[in-house]
Amino acid sequence: MKPPPNEAHLSPEELLASSEPLPPDKFEQKQMLEAVIRAIRSLSPSLRIPIILSRYEGLSSKEISGIMACSEALVRLRLHRAVEALSKQLNGNKKG
């Protein structure tokens with residue numbers, strides 16, 4: 001029998017998949033993760049792909065430019081625009 005995960009060390013995936021009642025701080029963390037996922041999904045593919053490859057896959061601008069068949073400068077521009085769009089969406093969610 002597998003021991004229950006330590007609540008202090010839940011991964012984002014475990015936190016989102018959990019059906020157990022969460023303490024307030026973990027509940028807020030789960031809500032933020034869900035908001036981030038929704039915000040990333042709302043981005044156009046030209047912004048979503050580089051942000052996922054950079055932030056979640058750890059690829060460099062050069063590696064992403066090879067995958068997307070565009071210049072490194074364009075990758076950096078799209079990353080900047082993606083971060084701006086995500087920031088606006090997530091900050092807007094906090095205010096509402």
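The values are calculated or read from the model by the stated rules, or taken from the named source; none is laboratory data. Keep in mind that what you see is a predicted model, and the values were worked out from it rather than measured. Cβ: placed from backbone, ideal geometry, glycine included. Neighbour counts: every protein chain shown.
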- Message: For segment 51-77, give me each residue that is under 19 Å from residue 37 (Cβ atoms) and touching a residue at least 24 places away in the same chain (Cβ under 8 Å).
- Response: 51, 54
- Note on the structure: Subset of segment 24-49, residues surrounded by 14 or more Cβ atoms within 10 Å (Cβ to Cβ) and not in a helix (DSSP H, G or I), comes to 43
- Please find, within segment 44-73, the residue that is nearest to the chain's Cα centre (by Cα) out of those that are among the hydrophobic types (A, V, I, L, M, F, W, C) and over 16 Å from residue 85 (Cα atoms). 53
- Task: Return only the number of the condition from (1) more than 24 Å from residue 89 (Cα to Cα); (2) surrounded by fewer than 18 Cβ atoms within 10 Å (Cβ to Cβ) that residue 52 does not satisfy.
- Result: (1)
- Query: Restricted to segment 59-93, and to residues that are closer than 24 Å to residue 31 by Cα and either in a loop (DSSP other than H, G, I, E, B) or among the polar types (S, T, N, Q) (or both), which residue is modelled with the lowest pLDDT?
  - Reply: 93
